[in-house]
Amino acid sequence: MARVLVVEPVAQPGLDLLSAAHDAHLRLGLDRGALLGTLGEEGGWDALVVRSQTRVDAELLGAAAPRLSVVGVASVGIDRIDVEAATRAGVMVVNAPTGNTIAAAEHTMAVMLALLRHVPEADASVRAGEWERGRYTGRELRGKSLGIIGLGKIGKAVARRASGFEMRVIASDPYLTEEQASEAGAKLVGLAELLHRSDVITVHVPLSAQTRNLLGRAQLEATKPGAFVLNVARGGIVDERALADALSAGQLAGAAVDVFSAEPMAADNPLRGAPNLVLTPHLGASTSEAQDRVGLEMAEQVLMALDGATPPYAVNAPSVAPDTAPRLRPYVELGRRLALLSRQLADEAFDAISLTYAGEIAAGECAPIRAAAIAGILETVTDQRVNAVNADLVARERGLTVRELRTGSSEPWASLVELAIGPADGPPILTLAGSTAHGRPHLASVDGFAIDAELAGVMLVTRHHDRPGIVGAVGTILAAAGINISSLELSRLSERGEAMMFVSVDDAVEAAVRERVRGVDGVIEARVVELPG
């Protein structure tokens, strides 16, 4: 049972899911020093759950090493997480990117309507005893152009809702095609055109080095005069000083801001004194339904990571679509076990691996298989944690060349994974191939020898001359040592030529037994390999 530390508020359904599966502890209100001390407690923690306030950096990850394997973020935003440091440490980062989609989209529409219909000011006026209907004449959404910067899950949800208000929707997103934008009811344009044409502009991109101050002074000055700007994404995407100046100068008719560069909103934030502005305290995801969904989604990702699977929303590890993951998972484990086997069968040093994906598996995402194979190759030669998170990085740092190929032919298997190891500038020294049967990894061949053996447990592997009596002699030696044979696979390249035998056994094969097998007349080599059960 894993130990899970939760240090920020998470909806109860998420906590319940974590607690049902593992030993979950809720420690709220810890300052930085107390959190570092808690992470360094004897026994350690396998998972850390945060939300949006805890800064997860190299110092914190170091305090939690070496046991910490996953950080769960109960939010879509990961700007408080040092993903690079987590990757180097082999710590997976997972978030909840879809749980708050509806809430954020609805809040965007709510502040848009409040802004154009002067709802906050009108409410304050009535409460003050006034009745000034003419002063608060607003504008309709119908017929207005809405410019969406970032047409991801939330941006698309906003587009669909804006279409219901009969708005014309345009979008700027460098990662989408025109067809993809059209499916969401939006026309794809460049950022400059969007700023020039939009009556209302809303941003829905993550905060990164590329998006910080995405709407700065120059961009706000390029907007259509009298436009409205909304930020229900992340503080820092819109330059707050430039936005306040654009409102004061009348370049913008109004703005609505839900997120700020420093939260809670700083006392000296220039937006506090800006006119025609609707402010809310980071409420985009603040619905009870969204919090439940986010908590559950994050908890599901954490549980998958703790079970050794790569969740679909892993931030720093190769992932696949949820409907594909169950079919791919056995091949991910296959890649790792082929790599572990190759390490035990190879006598020579090597600095390159080649992976070939054949058959049905070749048509899909194979990055998780690659990561698992690299981890299997490296985990026995380094004390550094190597997993799906940092496998590619560690391979580069250690000078391991990784090549990948795809082919449609995999007869007689539906799918096949081939792993070859050798020097980067020469032929392979060992080639293995495998597939799955009933969800279990199976060996299909070794250097041209056709072998159908389950890749699990203890196996005695021999190369010998194809002649009568060798199989019996090996069996007799094992029987004399009290070692039970569970299965035996025999293959030969040609009659009376070289042969290979994989003998799966239920017991450990001691060195003395291996030496007796090597002494059998006709045996070229014999070794024992061990794989997870």
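The values are calculated or read from the model by the stated rules, or taken from the named source; none is laboratory data. Given the structure is predicted, the values throughout are model-derived calculations rather than measurements. With ideal geometry, Cβ positions are generated from the backbone for all residues, glycine too; neighbour counts draw on all protein chains shown. Quick note on the areas: whole protein, heavy atoms, side chains included, nothing else; ligands and nucleic acids left out. Shrake-Rupley method; radii C 1.70, N 1.55, O 1.52, S 1.80 Å.
Data for the structure
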item: At least 20 Å along the helix axis (C-alpha) and Kyte average at least 0.0, DSSP helices within the chain; result: 101-116, 288-306
item: Distant-in-sequence amide H partners of ASN276 (H built 1.01 Å from N, under 5 Å); result: none
item: Candidate residues TRP45, TRP413, TRP131: accessible-area rank, largest first, probe 1.4 Å; result: TRP131, TRP413, TRP45
item: Calculated FRET efficiency for the pair GLU59/ALA266, C-beta based, R₀ 22 Å, to 0.05; result: 0.35
item: Around ILE377: net Lys/Arg minus Asp/Glu count, Cβ-Cβ under 10 Å; result: +2
item: In order through the range 171-176: 3J(HN,Hα) via Karplus (6.51 cos²θ - 1.76 cosθ + 1.60), integer Hz, x for Gly, Pro; result: 8, 10, 7, x, 9, 10
item: Cα→Cβ-extended label distance, 7 Å offset, between ASP123 and GLU193, nm; result: 3.8 nm
item: Percent of alpha-carbon pairs separated by more than 18 Å within the range 437-533; result: 42 percent
item: Total formal charge among the other residues, if their Cβ is under 12 angstrom from that of HIS442, Lys/Arg +1 and Asp/Glu -1; result: -2
item: Whole-Hz ³J(HN,Hα) from phi, Karplus 6.51 cos²θ - 1.76 cosθ + 1.60, for the range 180-191, glycine and proline x; result: 5, 5, 4, 4, 8, x, 10, 9, 7, 9, x, 4
item: Qualifying GluC sites (Glu not before Pro) for the range 424-507 [loop in DSSP, other Cβ within 10 Å: at most 15]; result: GLU495
item: Computed over the chain: relative contact order in percent, which uses C-alpha pairs under 8 Å that are six or more apart; result: 11 percent
item: Cβ charges +1 (Lys, Arg) and -1 (Asp, Glu), total dipole of the range 160-290, debye; result: 160 debye
item: Inter-centroid distance (Cα atoms) of the range 73-109 relative to the range 191-215, Å; result: 20 Å
item: The range 128-256 - accessible surface per residue (Å², probe 1.4 Å); result: 49 Å²
item: Highest to lowest packing among 270-281, 396-407, scored as the average C-beta count within 10 Å; result: 270-281, 396-407
item: Which label in (1) -0.30, -0.42, -0.90, -1.13; (2) -0.20, -0.28, -0.81, -1.18; (3) -0.29, -0.41, -0.99, -1.24 gives the computed log10 I(q)/I(0) by the Debye sum over Cα atoms at q = 0.05, 0.06, 0.10, 0.12 Å⁻¹; result: (1)
item: FRET efficiency for ARG135 and LEU113, using Cβ-Cβ distance with R0 set to 30 Å, rounded to 0.05; result: 0.95
item: Of all accessible heavy-atom area on the chain, the percent that carbon and sulfur account for (1.4 Å); result: 50 percent
item: Backbone HN-Hα couplings from phi across the range 257-273 [Karplus 6.51/-1.76/1.60, Hz, Gly and Pro as x]; result: 10, 10, 10, 9, 5, 10, 10, x, 4, 5, 4, 9, 4, x, 6, 4, x
item: Relative contact order of the range 220-354, defined on C-alpha pairs under 8 angstrom at six or more residues apart (%); result: 16 percent
item: Under 12 Å, Cβ to Cβ, from THR407 - net charge with Lys/Arg +1 and Asp/Glu -1; result: -3
item: Computed over the range 288-341: relative contact order in percent, which uses C-alpha pairs under 8 Å that are six or more apart; result: 17 percent
item: Förster radius 41 Å - calculated FRET efficiency between ALA508 and ASP323 (Cβ-Cβ, nearest 0.05); result: 0.50
item: 222 nm mean residue ellipticity, helices alone, for the chain (DSSP H n ≥ 4; -39,500 (n - 2.57); rounded to 500); result: -9500 deg cm²/dmol
item: Inter-part distance where the range 467-524 and the range 314-392 are each reduced to a Cα centre, Å; result: 30 Å
item: Positive-end residue of THR211, SER163, ILE421, charge dipole of the chain with Cβ unit charges; result: SER163
